[in-house]
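Undergrad: I am attaching a structure below and will ask some questions about it afterwards.
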Amino acid sequence: MHLVIIGNGIAGVSCAQTVRRLRPEARITLVSAESAHHFSRPALMYLYMGHLRWPDVKPFEDWYWVENRLELVHDRATRIDADAHTVHLAAGPSLAYDALLLATGATTQYYDWPGQDLRGVQGLVSKADVELMADLTRDVREAVVVGGGLIGVEMAEMLRTRGLAVTMLVRDRHYWGSVLPPEEAALVDAQLRRHGVRVQYGTELAEILGDASGRVRAVRTSGGQELPCQWLGVATGVVPNLALTAGTSIETDRGILVDEYLRTSVPGIFAAGDCAQRRTPPPGEAAIEPLWYTGRMQGETVAHTICGQPTAYQRGPWFNSAKFFDLEYQTYGQVPARPADGKASFWWQHPTAPLGLRLHYRADASRALLGVNALGLRLRHDVCDQWLRRATPVPEVLAQLGAANFDPEFFAQHEPAIVAAYNARHPDEPAVVLRRRKGLLGRLLSV
Amino acid sequence: MPSLSAYSDQPLAHPAPDTPAAERLWLALVALGLLALVVTAAAPAGLREPAFWLGVALLSAGALGWSWWKFGRGPDGVRHNYLWARASTSRGAVAWVTGVALTGFYVVLYWWPEYLENLIRPLDGLSQLLRQRQADQWFLYGTFYTLAVLLMGARALLKYRHSPYQRVRTASVMFFQLGFAWLLPGVLLALQQPEFYFTYFWPLKYDYLFPGGVQSLLQNGHLGAFMVGWGVIMSFVATPVLTYFFGKRWYCSWVCGCGGLAETAGDPYRHLSDKRREAWRYEVSIVYTVLGFIVVTTALLWLNTRLGGALLGRLSDEFSRTYGFVVGALFSGVVGVGFYPILGSRVWCRYGCPMAAYLGLLQKHFSRFRITTNGGQCISCGNCSNVCEMGIDVKQYAQRGEPIIRAACVGCGLCSTACPRGVLNLENGPREGRYQPSQLIRAESLRILD
């Protein structure tokens, strides 16, 4: 079997690794125009800030691909001939395949703003993007970032390391309003202020203004204000890369349409990762999941189907993480941004330090846990995952909170305060008693 | 537009911003302090004392002030901006100058101490006070070493002040260097007792358990006998027991003086360690050879003593001299510390230290210690591997959801501190299932397979 994978991001590479394990004899070829080797996309910001070098953001050393017989082709796939089972490349010879995986990723979403083609207007998705950003933000004093999500705050952090004055335009009333409840957003907002980022909430980008040389010089906001900037970061989401499906019968919508086995409408052709759109996602799940973790899981799943073990994509309880400047964020399960009918939410926040924990649960007698948000606190993934799978009642979750603590040794433990806050807010319920974590002596003796 | 291959190290963050004026001022104090010390080396008798103490004062004030300016103000957190773009921390010109100067100091110290006379004499007063005897080159070395651990320890305390683990650990290495590696041996000398280091054990301090070393300690009555007993118990009882419960870190990154210097003065260079698989192969083949050599030599020497010298004659002395020169002076000093700015801070610990090798074997096979990976949360960003001073490619484990159990790991905890997703945690736990990877990441364990 010859498997050709278009894209060497996390979805494509995870698929290649899994197929290699399931089918040691298979020929596997990864095609990428972006980079010769797989790299960690979430790490691009560390290149810009000088924390890491290019070799450091490659998850595997170069020998890995040779030793595992994963053939790498640094070239651009230009056309698929599905009838002939062939992929045409820009420079090299065409590749004949038995199975084809499209893991072409996504690219910056623009909203037809006037002036969006000016120099200095860009998103941050690819290696080329970060190189361009490094180049275009030299000798720049002011920057504007449009979009209040994860990439927007990353851009702000990057730009602040160069001392630029940064203004963020956020459409919602608070940061990441589609995902974070207001309390969490307030902690993120405090980080932004602390690091000298100006944020304009309830503000959208209306127009981008250029100078005579064709470079951005300012933006006009939806409020009519003109903000001077020599660089504009577009962080309003991503859109799947569909170019390669042009001229084929592969069905697309926003993304490449796939069934639950991640098969496209054309036999032998599969899609996974940021470019894939599920036709019928289960309730509560997004059709397109442009995320590192889901890319990895989709890649692993589709590998089984490709190897003749049809496997439906079931990602299990949602999880994600991020870091907003110095504030770490973890989320497990579903935590809606706004109160929902039949659901209740318990929020604890440290009186002074930037620490917060939210438990979202059913308001009925089951009190089943539905989701967790943690800010500045590290939680144990497998404990949270088990709570969610078992629909653990929130009082039980609180009693077990110590088991989920993943903070390093010597860090202050906030479980007693959290449990006390819950009990104080629910005086009519039986008081939750925190199960003690084993102390030092207990641990020493439990050989 | 520059591409990623345009510069050797970090093209995207080039050029690093100009050093602000206030920072230059603090660094100028450090430079003036060093200048005063160089002047001391050639100063006439009347000038050398004031020049020396002025140098020490300027150096200390400059180092502390710079640390506060750089890390003590503003929000706390991981600050690695321009780490790979600045000449001082990315093997640039400043790093080479620093490396050559440090190496030069070691060369003069070991082979031409007479040129340090003017630096040694001003310490006579302090030495008399502490040790009841004149200063010598080793007192000068020990004093500068301790000063470096304390000053750069203060820097580490400020830099990592957001992490209680790093604060406690840094305070620990400062305490052990000052108390057990500088004050106590001095006091012992003042009391006409052997200059014994209670925090160095065989096989690192190999001669403590060589026949010659034991015999000379035993000539000092009860205290000498206690020291021999301490050495035996620490090497063969306390080390396995403590390593079983806490891993190698109880020694390497909490107590040891070499580790203490690496964790403080060496902290700006920790990322320079070689993470490639090739380097790991060198590490394994060299460090266990050194350990094996010490073990075999110790056994032979005791056998020789039992046989009344029939086996090896006076090889013991010969060995001490040769090994002391090659390993003690060249490896741990000149290369180990002198090359900090080029090779990273743990070259000696990783490739040469027999104690680290011994602790490493215990940690790998007989310990409850591991670094846990938090489920499937790793994003393969590489920050953990970058800060690993022992050159462990930590992300190889983290991105597979596996716990990190490596003989080399000294448990400094920087991977956990630097991880932007809170994925890594140093833990002591039951040995059962210690190597068990997370159920949340590998394809083999995906629940989709039912």
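Undergrad: Pairs please, first residue from region A:254-277 and at positive phi, second anywhere and in a helix (DSSP H, G or I) and among the small types (Gly, Ala, Ser), Cβ atoms under 8 Å, 6+ apart in sequence or on different chains.
TA: Going by the 8 Å Cβ cut-off, the qualifying pairs are A:Gly273/A:Ala11; A:Gly273/A:Gly12; A:Gly273/A:Gly295; A:Gly273/A:Gly299.
Undergrad: I'd like the full set of residues that are within 10 Å of chain A (Cβ to nearest Cβ) and modelled with pLDDT of 85 or more, limited to region B:1-19.
TA: Scanning region B:1-19 gives B:Leu12, B:Ala13, B:His14, B:Pro15, B:Ala16, B:Pro17.
Undergrad: Out of (1) of a type in the set (A, V, I, L, M, F, W, C); (2) at pLDDT 95 or above; (3) touching a helix residue (DSSP H, G or I) at 6+ places or on another chain (Cβ under 8 Å), the odd one out for B:Leu209 is which?
TA: (2)
Undergrad: Please pick out the residue among B:Gly125, B:Gly153, B:Gly65 that is buried (at least 20 other Cβ atoms within 10 Å of the Cβ), out of contact with any Asp or Glu (no Cβ under 7 Å at 6 or more places or on another chain) and modelled with pLDDT of 95 or more. Show your work before the answer.
TA: Numbers: B:Gly125 fails: buried (at least 20 other Cβ atoms within 10 Å of the Cβ); B:Gly65 fails: buried (at least 20 other Cβ atoms within 10 Å of the Cβ).
Among B:Gly125, B:Gly153, B:Gly65, only B:Gly153 is buried (at least 20 other Cβ atoms within 10 Å of the Cβ), out of contact with any Asp or Glu (no Cβ under 7 Å at 6 or more places or on another chain) and modelled with pLDDT of 95 or more.
Undergrad: Determine which member of the set B:Ser380, B:Ser385, B:Ser345, B:Ser332 is surrounded by 24 or more Cβ atoms within 10 Å (Cβ to Cβ) and more than 10 Å from chain A (Cβ to nearest Cβ). Talk me through it step by step, then tell me what you get.
TA: Values: B:Ser380 fails: more than 10 Å from chain A (Cβ to nearest Cβ); B:Ser385 fails: more than 10 Å from chain A (Cβ to nearest Cβ); B:Ser332 fails: surrounded by 24 or more Cβ atoms within 10 Å (Cβ to Cβ).
Exactly one of B:Ser380, B:Ser385, B:Ser345, B:Ser332 is surrounded by 24 or more Cβ atoms within 10 Å (Cβ to Cβ) and more than 10 Å from chain A (Cβ to nearest Cβ), namely B:Ser345.
Undergrad: Just one of (1) under 30 Å from B:Leu424 (Cα atoms); (2) under 16 Å from the mean Cα position of the chain (by Cα); (3) part of a helix (DSSP H, G or I) trips up B:Phe180, so point out which.
TA: The one condition B:Phe180 does not meet is (1).
Undergrad: So which pairs qualify, if the first residue must be in region B:127-141 and assigned to a helix (DSSP H, G or I), the second must be among the polar types (S, T, N, Q) and buried (at least 18 other Cβ atoms within 10 Å of the Cβ), the Cβ gap must be under 7 Å, and the two must be at least 6 apart or on different chains?
TA: B:Phe139/B:Ser127
Undergrad: Sticking with this structure for a sec: Which one of A:Arg23, A:Arg53, A:Arg41 is surrounded by fewer than 22 Cβ atoms within 10 Å (Cβ to Cβ) and not assigned by the TED database to the domain that holds A:Ala143? Let's see the steps before the verdict.
TA: Values: A:Arg53 fails: surrounded by fewer than 22 Cβ atoms within 10 Å (Cβ to Cβ); A:Arg41 fails: surrounded by fewer than 22 Cβ atoms within 10 Å (Cβ to Cβ).
After applying the criteria, what remains is A:Arg23.
Undergrad: OK, next. Kindly evaluate B:Glu402 against the criterion of being touching a His at 6+ places or on another chain (Cβ under 9 Å) and away from chain A (no Cβ under 12 Å).
TA: Details: touching a His at 6+ places or on another chain (Cβ under 9 Å): no; away from chain A (no Cβ under 12 Å): yes.
Judged against the criteria, B:Glu402 is not a match.
Undergrad: Looking only at region A:107-132, filter to residues that are out of contact with any strand residue (DSSP E or B) (no Cβ under 8 Å at 6 or more places or on another chain) and within 14 Å of chain B (Cβ to nearest Cβ); which one of those is nearest to A:Leu159 (Cα to Cα)?
TA: Result: A:Val130.
Undergrad: Given the options B:Tyr435, B:Tyr358, B:Tyr340, B:Tyr351, name the one that is away from chain A (no Cβ under 11 Å), hydroxyl-bearing (Ser, Thr, Tyr) and over 23 Å from the mean Cα position of the chain (by Cα). Talk me through it step by step, then tell me what you get.
TA: Values: B:Tyr358 fails: over 23 Å from the mean Cα position of the chain (by Cα); B:Tyr340 fails: over 23 Å from the mean Cα position of the chain (by Cα); B:Tyr351 fails: over 23 Å from the mean Cα position of the chain (by Cα).
From the options B:Tyr435, B:Tyr358, B:Tyr340, B:Tyr351, the qualifying one is B:Tyr435.
Undergrad: Within region A:272-304, work out how many residues are more than 22 Å from A:Asn320 (Cα to Cα) and crowded, with 22+ Cβ neighbours inside 10 Å.
TA: 2
Undergrad: Could you go through region B:157-166 and let me know if any residue there is closer than 23 Å to B:Gly344 by Cα and away from chain A (no Cβ under 14 Å). Can you show your working first?
TA: As a first pass, look at region B:157-166 and keep what is closer than 23 Å to B:Gly344 by Cα: B:157-161, B:163, B:165-166.
Keeping just the survivors that are away from chain A (no Cβ under 14 Å) gives B:158.
Checked against the condition, which is being closer than 23 Å to B:Gly344 by Cα and away from chain A (no Cβ under 14 Å), region B:157-166 yields at least one hit.
Undergrad: In region A:380-398, what residues are out of contact with any Pro (no Cβ under 9 Å at 6 or more places or on another chain), surrounded by 17 or more Cβ atoms within 10 Å (Cβ to Cβ) and among the aliphatic types (A, V, I, L, M)?
TA: Answer for region A:380-398, where residues must be out of contact with any Pro (no Cβ under 9 Å at 6 or more places or on another chain), surrounded by 17 or more Cβ atoms within 10 Å (Cβ to Cβ) and among the aliphatic types (A, V, I, L, M): A:Val383, A:Val394, A:Val397, A:Leu398.
Undergrad: Restricting the first residue to region A:51-64 and requiring it to be more than 7 Å from chain B (Cβ to nearest Cβ), which pairs with a second residue that is surrounded by 23 or more Cβ atoms within 10 Å (Cβ to Cβ) meet a Cβ separation below 6 Å and a spacing of at least six or different chains?
TA: Within 6 Å, the pairs are A:Lys58/A:Phe39.
Undergrad: Ok, one more. Please go through region A:43-64 and give me each residue that is within 17 Å of A:Lys127 (Cβ to Cβ) and among the aromatic types (Phe, Trp, Tyr), ordered by number.
TA: Filtering region A:43-64 for residues within 17 Å of A:Lys127 (Cβ to Cβ) gives A:43-60, A:62.
Those that are within 17 Å of A:Lys127 (Cβ to Cβ) and among the aromatic types (Phe, Trp, Tyr): A:Tyr46, A:Tyr48, A:Trp54, A:Phe60.
Undergrad: Next question, about the same structure. Picking from B:Ala57, B:Ala43, which residue would you name as being at pLDDT 95 or above and more than 23 Å from B:Arg270 (Cα to Cα)?
TA: Working: B:Ala43 fails: at pLDDT 95 or above.
When all the criteria are applied, what remains is B:Ala57.
Undergrad: Identify all residues within region B:33-91 that are within 14 Å of chain A (Cβ to nearest Cβ) and under 20 Å from B:Pro113 (Cβ atoms); write none if there are none.
TA: The answer is none; no residue qualifies.
Undergrad: Residues to consider are A:Pro267, A:Pro283; find the one that is modelled with pLDDT of 95 or more, outside any helix (DSSP H, G or I), farther than 23 Å from A:Asn405 by Cα and over 15 Å from the mean Cα position of the chain (by Cα). Even if it seems obvious, please write down each step before you answer.
TA: Working: A:Pro283 fails: modelled with pLDDT of 95 or more.
Among A:Pro267, A:Pro283, only A:Pro267 is modelled with pLDDT of 95 or more, outside any helix (DSSP H, G or I), farther than 23 Å from A:Asn405 by Cα and over 15 Å from the mean Cα position of the chain (by Cα).
Undergrad: Of all the residues that make up region B:216-248, how many are in a helix (DSSP H, G or I), in contact with a strand residue (DSSP E or B) (Cβ under 7 Å, 6 or more places away or on another chain) and crowded, with 21+ Cβ neighbours inside 10 Å? Step through it out loud before you land on a result.
TA: Quick first cut of region B:216-248, residues in a helix (DSSP H, G or I) only: B:216-218, B:221-246.
Those left that are additionally in contact with a strand residue (DSSP E or B) (Cβ under 7 Å, 6 or more places away or on another chain): B:245-246.
Checking which are crowded, with 21+ Cβ neighbours inside 10 Å leaves us with none.
Of the residues in that region, 0 qualify.
Undergrad: Is there a residue in region B:163-172 that is over 24 Å from B:Leu330 (Cβ atoms), out of contact with any Ser or Thr (no Cβ under 8 Å at 6 or more places or on another chain) and not in a helix (DSSP H, G or I)? Please lay out each step first, then the result.
TA: Let us first name the residues in region B:163-172 that are over 24 Å from B:Leu330 (Cβ atoms), namely B:163-172.
From what's left, out of contact with any Ser or Thr (no Cβ under 8 Å at 6 or more places or on another chain): B:164, B:167-168, B:171-172.
Right, trim to not in a helix (DSSP H, G or I) and you get none.
So far as region B:163-172 goes, no, none of its residues is over 24 Å from B:Leu330 (Cβ atoms), out of contact with any Ser or Thr (no Cβ under 8 Å at 6 or more places or on another chain) and not in a helix (DSSP H, G or I).
Undergrad: Another question, if that's okay. Go through region B:379-411 residue by residue and tally those that are under 25 Å from B:Arg79 (Cβ atoms), assigned to a loop (DSSP other than H, G, I, E, B) and without any contact (Cβ under 8 Å) to a residue 60 or more places away in the chain. Steps first, answer last, please.
TA: Taking region B:379-411 first, the residues under 25 Å from B:Arg79 (Cβ atoms) are B:379-395, B:398-399, B:404, B:409-411.
Then keep just the ones that are assigned to a loop (DSSP other than H, G, I, E, B); that gives B:379-382, B:388-394, B:399, B:409-411.
In the following step, the residues that additionally are without any contact (Cβ under 8 Å) to a residue 60 or more places away in the chain were identified as B:379-382, B:394, B:399.
Adding up the residues that qualify gives 6.
Undergrad: Scan region A:138-160 residue by residue and report those that are surrounded by fewer than 20 Cβ atoms within 10 Å (Cβ to Cβ) and within 12 Å of chain B (Cβ to nearest Cβ).
TA: The answer is A:Arg138, A:Asp139, A:Leu150, A:Arg160.
Undergrad: Criterion first (surrounded by 19 or more Cβ atoms within 10 Å (Cβ to Cβ) and either part of a loop (DSSP other than H, G, I, E, B) or touching a Phe, Trp or Tyr at 6+ places or on another chain (Cβ under 8 Å) (or both)) does B:Ile286 satisfy it? Write out each step before concluding.
TA: Working: surrounded by 19 or more Cβ atoms within 10 Å (Cβ to Cβ): no; either part of a loop (DSSP other than H, G, I, E, B) or touching a Phe, Trp or Tyr at 6+ places or on another chain (Cβ under 8 Å) (or both): yes.
The answer is no for B:Ile286.
Undergrad: Let me ask another. Just for region A:330-353: of the residues that are within 14 Å of chain B (Cβ to nearest Cβ) and surrounded by fewer than 16 Cβ atoms within 10 Å (Cβ to Cβ), which one is nearest to the chain's Cα centre (by Cα)?
TA: That would be A:Ala353.
Undergrad: Next question. Among the residues of region B:185-215, which ones are touching a Ser or Thr at 6+ places or on another chain (Cβ under 6 Å) and outside any helix (DSSP H, G or I)?
TA: Those that are touching a Ser or Thr at 6+ places or on another chain (Cβ under 6 Å) and outside any helix (DSSP H, G or I): B:Phe201, B:Trp202.
Undergrad: Taking region A:307-322 only, how many residues are touching a Ser or Thr at 6+ places or on another chain (Cβ under 9 Å) and in contact (Cβ under 8 Å) with a residue 60 or more places away in the chain? Give the derivation first.
TA: Within region A:307-322, the first condition is being touching a Ser or Thr at 6+ places or on another chain (Cβ under 9 Å), and the residues that meet it are A:307, A:311-315, A:318-322.
Now restrict to residues that are in contact (Cβ under 8 Å) with a residue 60 or more places away in the chain: A:307, A:319, A:322.
Summing the residues that are touching a Ser or Thr at 6+ places or on another chain (Cβ under 9 Å) and in contact (Cβ under 8 Å) with a residue 60 or more places away in the chain in region A:307-322 gives 3.
Undergrad: Restricting the first residue to region A:390-411 and requiring it to be at positive phi, which pairs with a second residue that is at pLDDT 95 or above and of a type in the set (A, V, I, L, M, F, W, C) meet a Cβ separation below 7 Å and a spacing of at least six or different chains?
TA: Final answer for the pair search is A:Ala391/A:Ala368; A:Ala391/A:Leu369; A:Phe410/B:Val168.
The values are calculated or read from the model by the stated rules, or taken from the named source; none is laboratory data. Treat the numbers as computed from the prediction; the structure is a model and nothing was measured. Note: ideal-geometry Cβ built from the backbone for every residue, glycine included; neighbour counts use all protein chains shown.
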